[in-house]
Amino acid sequence: MASAPYNDRDGWMWMDGEYLPWRECNAHVLTHALHYGGAVFEGQRAYNGTIFKLKEHTERLFNSAKILGYEIPYTQDDINNACKTLLEKNELVDAYCRPIVWRGSEMMGVSAQQNTIHAAIAVWEWPSYFSPEARLKGLRLDISTWRRPAPDTAPTNAKASGLYMICTMSKHAAEAKGYHDALMFDYRGQVAEATGANIFFVQNGELHTPKPDCFLDGITRRTVIDLAKKRQIKVVERAIMPDEMAGFEQAFLTGSAAEVTPLSEIGPYNFEVGEMTKTLMFDYDALVKGKA
Ligand code: PMP
């Protein structure tokens with residue numbers, strides 16, 4: 001059954017310093033971000049009432065805004081407190097939380113110097129980004145024809161809305177062919193990431209993952225690297241060329257929404273849902289649920 005449309009739900013959101021009924025949180029059609037793609041946002045999960053790595057997510061939100069050239073007119077504490085209060089007001093303990101910041105509509109045109117900076121936060125129940133059955137069998141990934149841009153082509157270390165245009169196009173093309181998601185290469189032709197998650201491979205008992213030099217260095221990615229190191233698993237961050245995937249035994253995605261999600265296929269390459277992937281999946285689950 002389809003869930004209720006996201007613009008038509010009960011509950012509370014936070015917008016520009018106030019808690020408002022869900023349906024009243026709207027922006028004008030002449031909002032700069034809608035036309036020119038400069039919103040910055042975060043995505044974080046709450047487990048048993050606590051938002052995992054909230055401080056790190058909020059720091060990244062403020063850093064993304066700074067990269068795009070604007071200041072968020074609130075403190076990081078204001079945003080953190082609003083995220084926590086929203087969970088309580090919506091009576092949620094296991095939830096997804098989405099803060100977003102954008103330039104408003106006082107000026108129209110590419111220049112946005114005088115526009116008010118707006119901020120909003122929503123929380124909702126979002127059990128699993130990919131269905132549990134698909135996760136255990138391993139997801140099937142298409143290979144996108146779109147490439148992650150170079151760091152001098154786009155602000156690649158910001159979590160900014162405009163960067164997701166090619167992600168949506170890649171994901172739609174993948175879904176049209178029956179895949180769950182798509183792997184994207186970068187401007188050099190190296191393996192980069194999926195449309196909303198980072199990627200890891202297992203080879204001879206070691207973890208290999210691309211260096212995040214033109215895409216988001218995910219908070220989950222860093223968490224999984226720490227978990228692997230705790231188990232004395234060697235982690236190699238390096239340039240990975242597509243044809244190397246033929247020699248990798250396992251592959252998985254990481255992200256706040258995707259968590260640790262095994263892969264069974266990427267284009268012509270096949271992977272098993274193996275022990276190391278499962279171990280890290282369970283370690284991550286225990287950590288976020290405070291059981292580690
Ligand atoms: N890459 C992209 C494009 C993403 O959207 C995300 C999800 N925020 C990630 C990587 C993973 O980042 P994180 O682990 O911080 O959620």
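Determine which member of the set TYR70, TYR19 is touching a residue at least 40 places away in the same chain (Cβ under 8 Å), more than 21 Å from the chain's Cα centre (by Cα) and surrounded by fewer than 17 Cβ atoms within 10 Å (Cβ to Cβ).
From the options TYR70, TYR19, the qualifying one is TYR19.
May I ask you to verify whether THR58 is without any contact (Cβ under 8 Å) to a residue 60 or more places away in the chain, assigned to a helix (DSSP H, G or I) and assigned by TED's automatic domain parsing to the domain that holds HIS32?
So THR58 passes the test.
Scan the range 244-253 and tell me whether some residue there is in a strand (DSSP E or B) and either on the phi > 0 side of the Ramachandran plot or of a type in the set (Gly, Ala, Ser) (or both).
Checked against the condition, which is being in a strand (DSSP E or B) and either on the phi > 0 side of the Ramachandran plot or of a type in the set (Gly, Ala, Ser) (or both), the range 244-253 yields at least one hit.
Search the range 160-183 for residues that are assigned by TED's automatic domain parsing to the domain that holds ARG148 and of a type in the set (D, E, K, R) and pair each with any residue that is assigned to a helix (DSSP H, G or I) and within 12 Å of the ligand (Cβ to nearest atom) when their beta-carbon atoms are under 8 Å apart and the residues are at least 6 apart or on different chains.
ASP181/LYS171
Here are some conditions: (1) within 16 Å of the ligand (Cβ to nearest atom); (2) under 20 Å from LEU20 (Cα atoms). VAL40 meets all but one. Which one does it not meet?
(2)
Taking the range 192-206, which residues are among the hydrophobic types (A, V, I, L, M, F, W, C), within 13 Å of the ligand (Cβ to nearest atom) and either touching an Asp or Glu at 6+ places or on another chain (Cβ under 9 Å) or not assigned by TED's automatic domain parsing to the domain that holds MET165 (or both)?
Selection gives ALA192, ALA194, ALA197, ILE199.
Tell me, yes or no, whether the range 200-218 has at least one residue that is among the aromatic types (Phe, Trp, Tyr), surrounded by fewer than 19 Cβ atoms within 10 Å (Cβ to Cβ) and modelled with pLDDT of 95 or more.
The answer is no, given that none of the residues of the range 200-218 is among the aromatic types (Phe, Trp, Tyr), surrounded by fewer than 19 Cβ atoms within 10 Å (Cβ to Cβ) and modelled with pLDDT of 95 or more.
For the range 163-184, does any single residue satisfy the condition of being in contact with a Pro (Cβ under 9 Å, 6 or more places away or on another chain), within 27 Å of LEU61 (Cβ to Cβ) and aromatic (Phe, Trp, Tyr)?
Within the range 163-184, none of the residues are in contact with a Pro (Cβ under 9 Å, 6 or more places away or on another chain), within 27 Å of LEU61 (Cβ to Cβ) and aromatic (Phe, Trp, Tyr).
Does ASP186 fit the bill of being buried (at least 18 other Cβ atoms within 10 Å of the Cβ), without any contact (Cβ under 8 Å) to a residue 60 or more places away in the chain, over 21 Å from ARG147 (Cα atoms) and not basic (Lys, Arg)?
no
The values are calculated or read from the model by the stated rules, or taken from the named source; none is laboratory data. As the structure is a computational prediction, the values presented were derived from the model and not from experiment. Here Cβ is always computed from backbone atoms with ideal geometry, including for glycine, and neighbour counts include all displayed protein chains.
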